[in-house]
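The values are calculated or read from the model by the stated rules, or taken from the named source; none is laboratory data. Computed from a predicted model, the values in this text were never measured in an experiment. When we count neighbours, we look across all protein chains shown, and the Cβ atoms used for this are built from the backbone with ideal geometry, even at glycine. Heads up: the accessible areas ignore ligands, DNA and RNA and are worked out on the full protein's heavy atoms, side chains in. Shrake-Rupley method; radii C 1.70, N 1.55, O 1.52, S 1.80 Å.
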Amino acid sequence: MIRPLRTALMVAVVALPLAACGGRSGTAQADLAASKVTTIGVNSYLWRASLDTLSFMPLVQTDSNGGVIVTDWYVNPQVPTERMKLTVSILDQDLRADAVRVAALREVNRGGQWVSAPVAAATTQKLEDIILTKARDLRRASIAG
C-alpha cells in the first residue's frame with residue numbers, strides 16, 4: 001500500500017515542475033481551436049458553415065465522418081428554367097482555405113428537357129469563400145465566448 005502511494009508521489013513531484021516548463025499554453029489552445037477536435041471526422045466549423053450555407057437547398061446526403069454534403073436539384077424561383085446540384089467536400093480537420101471543395105452541376109430547361117450546362121468557375125469559388133468566411137466567424141465566436 002505504501003509503495004503505490006510513494007510511486008504516485010514521486011511522479012507528482014517530477015511532473016509538476018516539468019508541466020510548468022511549457023510556458024506556451026496559448027499556442028496549444030489556438031491549435032485546438034483551429035482544428036476543433038470533435039466526434040465528427042472533419043473540421044466542425046467548416047461542417048457547420050457548409051450546412052448553414054446550403055440550408056436553402058434540399059439535402060440528399062450528409063456524412064460528417066467523410067465530410068461530404070450532397071444536395072438535391074434546386075430550382076431558383078426567380079429563374080425556373082435553371083437548376084443546380086452541389087457537392088461540398090471537407091478535406092481536412094484543420095480550418096484552412098484548401099480544406100473545402102465545392103462541385104456544382106447545372107442544368108437548363110430547353111423545350112421541357114433538362115440539359116447540362118456549364119457552371120462558371122466563379123460560382124463554386126464564391127460558395128467556397130462564403131463557407132470559409134462563415135467558418136472563420138464561427139471560430140472567432142467560439143474563442144471569444
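Figures for the structure shown
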read-out: Per-region count, segment 17-63, residues modelled with pLDDT of 65 or more and hydroxyl-bearing (S, T, Y); value: 7
read-out: Selection status of G66, over 13 Å from the mean Cα position of the chain (by Cα) and either over 15 Å from R101 (Cα atoms) or at pLDDT 50 or above (or both); value: no
read-out: Segment 52-63 - residue that is open to solvent by 40 Å² or more (accessible area, probe 1.4 Å) and either acidic (D, E) or closer than 16 Å to S89 by Cα (or both) and, of those, farthest from the chain's Cα centre (by Cα); value: V60
read-out: Leading residue by the ranking (farthest from the chain's Cα centre (by Cα)) among those in segment 80-111 that are open to solvent by less than 60 Å² (accessible area, probe 1.4 Å) and farther than 24 Å from D63 by Cβ; value: N109
read-out: Residue that is surrounded by the fewest Cβ atoms within 10 Å (Cβ to Cβ) [pool: residues in segment 112-132 that are free of Cβ contacts under 8 Å to residues at least 60 places away in the same chain and among the β-branched types (V, I, T)]; value: V115
read-out: Hey, L86 touching a residue at least 24 places away in the same chain (Cβ under 8 Å) and closer than 16 Å to N43 by Cα or not; value: no
